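The values are calculated or read from the model by the stated rules, or taken from the named source; none is laboratory data. Not measured: the values here are computed from a predicted model. Ideal geometry is used to build each Cβ from the backbone, glycine not excepted, and the neighbour counts take in all protein chains shown.
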Amino acid sequence: MGKHFSRSGTAVVLSLLSPAVFAQQEDLRTMIVGKLPVYALIAIVIAVIVSVYFMRLRDRRRTPLSRVFRELDATHFVSPDTSVATCVRTMTAEQIGALIVMEGERLIGIFTERDALNKVLATGLDPIGTKVSDVMTKDPHCIPPSTTVGEAMELVTGRRFRHLPIVENGKVLALVSSGDLTHWLVKGQKGNV
């Protein structure tokens, strides 16, 4: 039986060494080498498309907020004496996550969904009888309109902010959310790739 396997193994080796098999192997090598430039070209095109996508995304991150968020009507203001219940109703009706608290022309705080949960509901305060000034985040971190989208994204990510007031010379220009920034960054990017 061992001789039988030995003879069949020898036959297989000899058949692989036949001129026909060498010719097929040579044809295969020629075909692969012939198509190599095509594969290289495809790889280069894919690399260029990916790099252009990321460069555009990086360029969008360098855009100053003043060029991105020009609309002021999306910013909602309340006075310090407004009840938490009224603030929550306004936020729900407008589908927003924060309100700017103003005393006259001066920004004194921001009231967010997080404030409503952590400072009112979690502590058992009455939302109708509680003034927003008692539970708002006082003196919120503000950014100038010259701040880039990338810098604002770093702030909301690193400091865990969800909303950033854009202020210039003491005047509130807009309120930008982390969702606004993300939406702006990816807007128009779907069709590019």
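With respect to Gly179, is the statement that it is more than 20 Å from Val68 (Cβ to Cβ) and small (Gly, Ala, Ser) true? Talk me through it step by step, then tell me what you get.
On the way: more than 20 Å from Val68 (Cβ to Cβ): no; small (Gly, Ala, Ser): yes.
No.
Across the stretch 99-124, which residue is farthest from Lys171 (Cα to Cα) among those that are basic (Lys, Arg) and part of a helix (DSSP H, G or I)?
Of the stretch 99-124, the ones basic (Lys, Arg) are 106, 114, 119.
With part of a helix (DSSP H, G or I) added as a condition, the list becomes 114, 119.
Values: Arg114: 24, Lys119: 27 Å.
Among them, the one singled out is Lys119.
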Exercise. Go through (1) closer than 14 Å to Arg162 by Cα; (2) without any contact (Cβ under 8 Å) to a residue 60 or more places away in the chain; (3) touching a Lys or Arg at 6+ places or on another chain (Cβ under 9 Å) one by one and return the number of the condition Gly97 breaks.
Key: (2)
Quiz item: Do you know which residues across the stretch 145-162 are in contact with a helix residue (DSSP H, G or I) (Cβ under 8 Å, 6 or more places away or on another chain) and either of a type in the set (D, E, K, R) or surrounded by 14 or more Cβ atoms within 10 Å (Cβ to Cβ) (or both)?
Solution: Pro145, Thr147, Thr148, Val149, Gly150, Ala152, Met153, Val156, Phe161, Arg162
Quiz prompt | Filter result (loosely packed, with under 12 Cβ neighbours inside 10 Å and either more than 16 Å from Asp139 (Cα to Cα) or modelled with pLDDT of 95 or more (or both)) within the stretch 89-120 | solution = Thr92, Ala93, Glu94, Gln95, Leu117
Quiz item: Listed residues Thr123, Thr130, Thr137; which is touching a helix residue (DSSP H, G or I) at 6+ places or on another chain (Cβ under 7 Å), without any contact (Cβ under 8 Å) to a residue 40 or more places away in the chain and of a type outside the set (Phe, Trp, Tyr)?
Solution: Thr137
Quiz prompt | In the stretch 46-88, residue farthest from Thr130 (Cα to Cα) [restricted to those that are at pLDDT 80 or above and among the aliphatic types (A, V, I, L, M)] | solution = Ile46
Practice problem: Take Phe161 and decide whether it is modelled with pLDDT under 90 and of a type in the set (Phe, Trp, Tyr). | Solution: yes
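Any idea how many residues of the stretch 108-120 are touching a residue at least 12 places away in the same chain (Cβ under 8 Å) and either over 16 Å from Ala98 (Cβ atoms) or of a type in the set (A, V, I, L, M) (or both)? Step through it out loud before you land on a result.
Applying the first criterion (touching a residue at least 12 places away in the same chain (Cβ under 8 Å)) to the stretch 108-120 yields 108-116, 119-120.
In the following step, the residues that additionally are either over 16 Å from Ala98 (Cβ atoms) or of a type in the set (A, V, I, L, M) (or both) were identified as 108, 110, 116, 120.
Selection size over the stretch 108-120: 4.
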Quiz item: Any chance the stretch 65-75 includes a residue that's acidic (Asp, Glu) and either outside any loop (DSSP other than H, G, I, E, B) or not assigned by TED's automatic domain parsing to the domain that holds Asp180 (or both)?
Solution: no
